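Please read the structure below before turning to the comments.
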Amino acid sequence: MKVALLKAKCITNLHIGTSGNVYGDIKSEVEKDAVLATPIMPSSGIKGAFRDFWRANGTTGTSVTIFGSDAEEENQNRKGNCKFLSGQLMFRPMRVSKGDRAYCLVTTPELLQVMINTIDSFQIKLNLQSAKSAEDFEKALNDIKKELNENIGQVVAGIVNKDDHAIMEVEGYDVKEIQNEENILYKILLEISDGVPVVIMRTDFFRMIDLPIIARNYLKDGKSTNLWYEEFVPHQSYFYFPVLWEKEEAEVFSDFIKKISKQPIAFGGNNSVGYGYCTITPMNKE
C-alpha cells in the first residue's frame, strides 16, 4: 500500500458546513470532528473536490481507476483505487494582539499528537529536514507538553519561533516563550508552516476562541428575505490528510499527486464567491 500525507493550506476562507443550530444564531456551522471539536475536511468532500478537479484538468481515462465509477454511470460498478481520509486541523491563524506580527498560526498539543499518531499508524516517512519520523516529532512535543503543564497557573501558550519575531499576546492572551533551545519542535513546525511563527496553546484556551462568522443575506426584488450567520475557517489555516493507494498502477497514483499539487483546488461550498481554495503539498517521501 502506498500512502501520501497531504498538507492543505487555505488561501481563501473555507466553509464545509452542517445544517447549523436551529436554536442558535449561527445557522450554518463549520463541520467539526466529533472528538476534538475542531474543524475538519470530510473525506467525502475531499474526494469530490479532487474528482471535479481531475475531470477538468487531469486525464479523464484514469478517473474511474482513481475515484471509481459514479452511481449514475451505466454498466459501471468499480471501486476506485484511491482511499481518502478526512482532513484534520493542523494550524489555525489567530490575531497577534501584542507583538510585531499581524497574525501567527496556533495549534494545541492534542492536535499535534493526533497528527503524530496518524504518521505513526501509516508508517509515513516525512519529507522534512528537521524530522524524519513520528518518533522525532513526538519526543520534541513531549518536552513542550511538560513545560506547559509545569506552568499551568499562568502560561497560556508556548511560542515556537522566538528567534525572529516577538509575540507577547495572541487574541488577548499572554504568551510565554519556550526557553529550551535544543527542542526541535519549533524547527519542525516552522518547516511545515512555511516560516510563519507558530504558537502551541493549551487546549482549554484554544476552545474559547471562536471561529469567525459572517452575515449572509438573500435578496429578492432588492429586499432582504433571509438574513443568517455563517461560520467559516479563516484563510491561512492548515489541514492534513492521508491518501491511500492499495492496488496496482502506482504510476497513476504518482501522477495524481503531482498534478493536484500544481494549482489551488476548491473545497466545500461558496466557491462562486471565492471560498475554499487550498494549495496541496505532499509532506512525505515517495
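The values are calculated or read from the model by the stated rules, or taken from the named source; none is laboratory data. A quick note: this is a predicted structure, and the numbers were derived from the prediction, not measured. Using ideal geometry, Cβ is built from the backbone for each residue, glycine included, and neighbour counts are taken over all protein chains shown. For the accessible areas, the whole protein counts, side chains as well, though only heavy atoms, and no ligand, DNA or RNA atoms are used. Shrake-Rupley method; radii C 1.70, N 1.55, O 1.52, S 1.80 Å.
The conditions are (1) part of a helix (DSSP H, G or I); (2) at pLDDT below 75; (3) open to solvent by 30 Å² or more (accessible area, probe 1.4 Å), and Tyr186 fails exactly one of them. Which is it?
With respect to (1) part of a helix (DSSP H, G or I); (2) at pLDDT below 75; (3) open to solvent by 30 Å² or more (accessible area, probe 1.4 Å), Tyr186 is out only on (2).
Quick check on Val233: is it surrounded by 19 or more Cβ atoms within 10 Å (Cβ to Cβ), at pLDDT 90 or above and over 22 Å from Thr65 (Cβ atoms)?
Yes; evaluated as a whole, the condition is true for this residue.
Please list, ordered by first then second residue, the pairs with beta carbon atoms under 9 Å, 6 or more apart or interchain, first in region 201-218 and within 16 Å of Pro109 (Cβ to Cβ), second open to solvent by 80 Å² or more (accessible area, probe 1.4 Å) and of a type in the set (D, E, K, R).
Listed by first residue and then by second, the contacts come to Thr203/Glu110; Phe206/Glu110.
Out of the residues in region 25-71 that are open to solvent by 60 Å² or more (accessible area, probe 1.4 Å), closer than 30 Å to Trp228 by Cβ and outside any loop (DSSP other than H, G, I, E, B), which is modelled with the lowest pLDDT?
Lys27
Can you say whether Gln88 is farther than 24 Å from Val196 by Cα, open to solvent by 10 Å² or more (accessible area, probe 1.4 Å) and not in a helix (DSSP H, G or I), as far as the supplied structure shows? Before you say what the answer is, go through the steps one by one.
Values: farther than 24 Å from Val196 by Cα: no; open to solvent by 10 Å² or more (accessible area, probe 1.4 Å): yes; not in a helix (DSSP H, G or I): yes.
For Gln88, the condition - farther than 24 Å from Val196 by Cα, open to solvent by 10 Å² or more (accessible area, probe 1.4 Å) and not in a helix (DSSP H, G or I) - is not met.
Hey, can you tell me all the residues within region 98-115 that are at pLDDT 90 or above and assigned to a strand (DSSP E or B)?
Scanning region 98-115 gives Tyr103, Cys104, Leu105, Val106, Thr107.
Only one of (1) out of contact with any Ser or Thr (no Cβ under 8 Å at 6 or more places or on another chain); (2) modelled with pLDDT of 85 or more; (3) of a type in the set (A, V, I, L, M, F, W, C) is not met by Val160, so which one is it?
Among (1) out of contact with any Ser or Thr (no Cβ under 8 Å at 6 or more places or on another chain); (2) modelled with pLDDT of 85 or more; (3) of a type in the set (A, V, I, L, M, F, W, C), the lone unmet condition for Val160 is (2).
Given the condition crowded, with 17+ Cβ neighbours inside 10 Å and without any contact (Cβ under 8 Å) to a residue 60 or more places away in the chain, answer yes or no: does some residue in region 97-111 qualify?
Checked region 97-111: no residue is crowded, with 17+ Cβ neighbours inside 10 Å and without any contact (Cβ under 8 Å) to a residue 60 or more places away in the chain.
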